[in-house]
Amino acid sequence: MSDNSGENQEEIFSKVLRAGRRTYFFDVRETKASDYYLTITESKKFTNEDGSFHYKKHKIYIYKEDFESFSSFLNETMTYIFEQRGVEVISERHQKDYYPENINSESH
C-alpha cells in the first residue's frame, strides 16, 4: 500500500520558463478528489561566498475556482505596469553600460 499523504509528485503537465537567475515552473497537479490545480514555483539561484550555490523557492497554489479571477487580476495588473512604465525593463542591471564593478566605486 502506498502512502499518498504527501504532495502528488506525478507530472500531469509542466512548463518551465527560464529567466536569468530565476526559473518559473508551471505545474498541473491532482487533488485527492482527482481534480486538477496549478502550482507556480519561482526558483532563484544564489551563489555563496565559497562558490557553492543554493536555491530559494516560493510556491503558490491556484485552484480552478480561482482561475478566472486570478487571470483577470494578473492581466489587469500587467496592463497597468505596461501603461505606466512601458515594456522596456527599467533597471541598472539591464542598462547596456551596466558593469557590477562600477557600483559603489567613485572612480578607477
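For the reader, a short list of remarks on this structure follows.
- Where Rh is the Kirkwood radius over Cα pairs, Rg/Rh for segment 13-89: 1.08
- Once the chain from MET78 to LYS45 is taken as fully extended at 0.36 nm per residue, the excess over their C-alpha distance is 9.4 nm.
- Label point at TYR36 placed 7 Å out along Cα→Cβ; residues across segment 15-30 whose backbone nitrogen lies under 19 Å: 15-17, 25-30
- Set of lysines with alpha-carbon distance to LYS64 below 28 Å, sequence-local pairs under 8 removed: LYS15, LYS32, LYS44, LYS56
- Approximate spin-label separation ARG21-LYS59, in nm, with each point projected 7 Å along Cα-to-Cβ: 2.3
All of the numbers you see were taken from the coordinates with simple rules; none came from a lab. Please read all numbers here as calculations on a predicted model, not as lab measurements. Don't worry about glycine lacking a Cβ; one is built from the backbone with ideal geometry, like all the others, and counts go over all protein chains shown.
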